[in-house]
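So the structure is just underneath, and the comments pick up after that.
No value in this document is a laboratory result; all are computed from the given coordinates. Predicted model, so just to flag it, every value in this text is computed and none were measured. Reconstructed Cβ throughout: ideal geometry from the backbone, glycine too, with neighbour counts over all protein chains shown.
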Amino acid sequence: MKQILNRRMALVAALSVCLTVLLTSCIFYGKYQAQIHDDLKMNACILLATQEFLSCVEQKYDPGIDNLRITVIAVDGGVEYDSNADIGHMDNHGDRPEIRQAFVKGEGYEVRRSGTLDKNTYYYARRLDDGRVLRIAREAGSLWSFLKTVFPVLILLLLAMAAFGVVLARFLARQMIRPVEQLAVNLDKEDEQIQTYEELQPFMDKIHRQHRELKQSARLRQEFTANVSHELKTPLASISGYAELMETGIAGAEDVTHFAGEIHKCAGRLLSLINDILHLSRMDAMEALPDVEPVDIGALAADCVEMLQMQAKKHGVCLEFACRDAVCLVKGERGMLEELLYNLCDNAIRYNRPGGYVWVSVEEKAEGVWLAVKDNGIGILPEDQERIFERFYRVDKGRSRETGGTGLGLAIVKHIVEQHHARLALSSTPGEGTCVEIEFRHEIR
């Protein structure tokens, strides 16, 4: 980056010097031409007012004025007098632009360039009272000859500006890169305040934010890997232990049936765990919802409650459903919404107590459709409520394994809610119960 800045600053300096010299030369050369025109005009006035000049014209000799060529042209265009040439060998000047202008307008001006001499000749002609024309000429250098005179100065300026540009570029590069270098050194220090430019602050904040997100993501992946390993290890160890007892013949005939049942239970738990992990992975890779359509969330909730009635009775829990509106439509993916309802109701049943209640309600409100799953079960401690939707997080690990939970149900619920751009709220009191509310807002339907 520093080398790029150095090269670009040197290039900018060189271009700036060249353009400045060129534009300045053009401006001054234009002023120079205007000044020559004014000088020739003034010289003509002075000559006409001088009796000595009139005598020179009448007697055909050079008045001796340096750098000026004086010519007198008759009415028919013939040359009557020229201070620098023999008029006998001169052709008719009536077709010269400055002479024609003088005959018509009273005065004329023309610049003609000599390619061989690389000079310009400036002509000023003025019509006299008797009809003749007085022309005064002067030679001067062209623009390119003028630039040649300043070329050494231009080279010096280029070298000086290039050197200055390199020094300035290095200084600016150090100043610009210093905050980035400090950020790289102190990236893991969250409280480190780095002095930077106002324009660079959003970039620095974004780098900090992305670094925090990467650390959080790495931490979650590490925890996820550890949790998956632990969750898989437990049932596999049980299966291996029961199989070993059966293989060695230590288990009696009456125990084989029991061990086979335990192996079947652990295998089912492994299958459920793998299915949930694969399902979460698919949702993580999903960029948009597939098959989005208007779905009657009330009808889905009623079907889910009816399907889980047998499980609720098995746990001694009363499962009820209420919906005030005939139809409560939300825009979403039907399969994911069914899974969301199942996981919420299943959790409310599992983490309840005999004789407990689970209420499922759907209601259409002004701001959106509200889904609520409420129970009067064991509740959740305040310190656990913030992490309850994390993957594999369990409030009561022993109870979770007894009830057959994988620890991924609420993580899947949270993911589905985020995919549908809904809002999730949890309120719980230990010993009194838990309420999970989901708002599907109208503006995203």
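Among Lys215/Lys331; Lys31/Lys105; Lys215/Lys365; Lys233/Lys414, which pairs are too far apart, with a Cα-Cα distance over 32 Å?
Details: Lys215/Lys331 34 Å; Lys31/Lys105 24 Å; Lys215/Lys365 40 Å; Lys233/Lys414 26 Å.
Beyond 32 Å: Lys215/Lys331; Lys215/Lys365.
Take the Cα radius of gyration of the range 212-285 and divide it by 2.2 N^0.38 Å, with N its residue count; two decimals is plenty. The partial results should precede the final answer.
On the way: Rg = 17.1 Å, N = 74, 2.2 N^0.38 = 11.3 Å.
Ratio of Rg to 2.2 N^0.38 Å for the range 212-285: 1.52.
Using the count of nearby Cβ atoms within 10 Å as a rough guide to exposure, how do Thr434, Thr257 rank from fewest to most?
On the way: Thr434 24, Thr257 10.
Ordered from fewest to most neighbouring Cβ atoms within 10 Å, Thr434, Thr257 come out as Thr257, Thr434.
Can you tell which of Ser272, Leu220, Ile239 lies farthest toward the positive end of the dipole of the range 215-304, using +1 and -1 charges on the Cβ of basic and acidic side chains (Lys, Arg; Asp, Glu)?
Among Ser272, Leu220, Ile239, the one farthest towards the positive end of the dipole of the range 215-304 is Leu220.
Got a sec? How would Met176, Met310 order by Cβ neighbour count within 10 Å, fewest to most? Walk me through the numbers before you get to the answer.
Working: Met176 15, Met310 9.
Listed from fewest to most nearby Cβ atoms, that is Met310, Met176.
Arrange His89, His211 by Cβ neighbour counts within 10 Å, fewest through most, would you?
Ranked by crowding around the Cβ, least crowded first: His89, His211.
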